[in-house]
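Note sheet for the following structure.
The values are calculated or read from the model by the stated rules, or taken from the named source; none is laboratory data. All figures in this text were calculated on a predicted structure; none of them were measured in a lab. Quick reminder, even Gly has a Cβ in these numbers, built from the backbone with ideal geometry, and neighbours come from all protein chains shown. For accessibility, only protein heavy atoms count, side chains too; no ligands or nucleic acids. Shrake-Rupley method; radii C 1.70, N 1.55, O 1.52, S 1.80 Å.
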Amino acid sequence: MNESKNIKIRQAKIEDIEKLCNARNNEALFLKYLDECDGDKAHFLVAEVAEKIVGFGLVYLDVTKTGKKKSHLPKLSDLYVIEQYRRKGVATALIKAREALAKSYGYSQIYVSIDPFESIDMLSLAKKLSYAPLQFQPYLTSALHYDAQGNSYEKQYSRLDFKKGLI
């Protein structure tokens, strides 16, 4: 069943916290995203189907108001779709909405970093959407991650960077 015509993409807001936590239980992370995503230099978007939040993603266009800077700008970040809505167009809709935002700010290209070992589906989707790898071998990096209960921990993982032209 393809639900892509019923997907609504919009900016996240503080009133979404409960619905976001129903999708992925991580209130601390969502509050952090809402704080750093001002709707100008960074955007926190949600995907809704029948008024239920089924996914989210961020796009960083510049250094955020909290001082966060990504390795490449503009950059897609933290795409998540709840399992029962995967392969139904939600991830593609979130990616395309974030690409459109970057383009509306005058950017001619956009970047994304993907873990090639833990995010095989995202790798396939990025290639399908014309993202090209910037390197042949993954590199190691680490970042603060959150478990299902919202507890933070440092995690090391692999990354490949990708770029797509927006013109």
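Could you calculate the FRET efficiency of residue 19 with residue 142 from 1/(1 + (r/R0)^6), where r is the beta carbon distance between them and R0 is 41 Å, rounded to 0.05?
0.85
Build a GNM of the chain with springs between Cα atoms under 10 Å apart, and of 141, 92, 64 the one that fluctuates most is 141. For region 68-132, the relative contact order is 38 percent, taking Cα pairs closer than 8 Å that sit 6 or more residues apart in sequence and dividing their mean separation by the residue count.
Using a 1.4 angstrom probe with every protein chain in place, what is the largest-first accessible-area order of 159, 98? Working shown, then result.
On the way: 159 55, 98 0 Å².
If we order 159, 98 from most to least accessible, we get 159, 98.
Applying the criteria of a DSSP loop state and at most 12 other Cβ atoms within 10 Å to the GluC sites (Glu not before Pro) of region 85-157 yields 118.
Longer than 19 Å from Cα to Cα, which of 8/163; 41/75; 52/75; 19/103 are they? Say none if no pair is.
8/163; 52/75; 19/103
Computed over region 1-70, the P(r) curve from all C-alpha pair distances, binned at 10 Å from the origin, holds 21, 49, 26, 5, 0 percent per bin. Of the whole protein surface, residue 65 contributes about 120 Å² of accessible area at a 1.4 Å probe radius.
In this simple spin-label approximation, residue 163 and residue 62 carry label points 7 Å from Cα along the Cα→Cβ vector, and these lie 2.2 nm apart.
Below 8 Å, C-alpha to C-alpha, sequence gap of six or more: please give me the relative contact order for the chain in percent.
20
Accessible surface area normalised per residue over region 1-107 is 51 Å², counting heavy atoms of protein chains with a 1.4 Å rolling probe.
Using every pair of distinct Cα positions in region 75-134, the Kirkwood expression returns a hydrodynamic radius of 12.3 angstrom. Pairs of alpha carbons in region 1-122 separated by more than 27 Å make up 12% of all such pairs.
When only alpha carbons are used to place a centre, region 113-166 and region 86-104 end up 17 Å from one another. Above 16 Å lies some portion of the pair distances; for region 102-157, what is it as a whole percent of all C-alpha pairs? Taking all Cα-Cα pairs of region 102-157, the fraction more than 16 Å apart is 58 percent.
Projecting the Cα positions of 102, 33, 90 onto the charge dipole of the chain (unit charges on Cβ atoms of Lys, Arg, Asp and Glu, taken about the Cα centre) puts 102 furthest along the positive direction. Three principal axis extents of region 38-82 based on alpha-carbon atoms, in descending order, are 34, 17, 13 Å.
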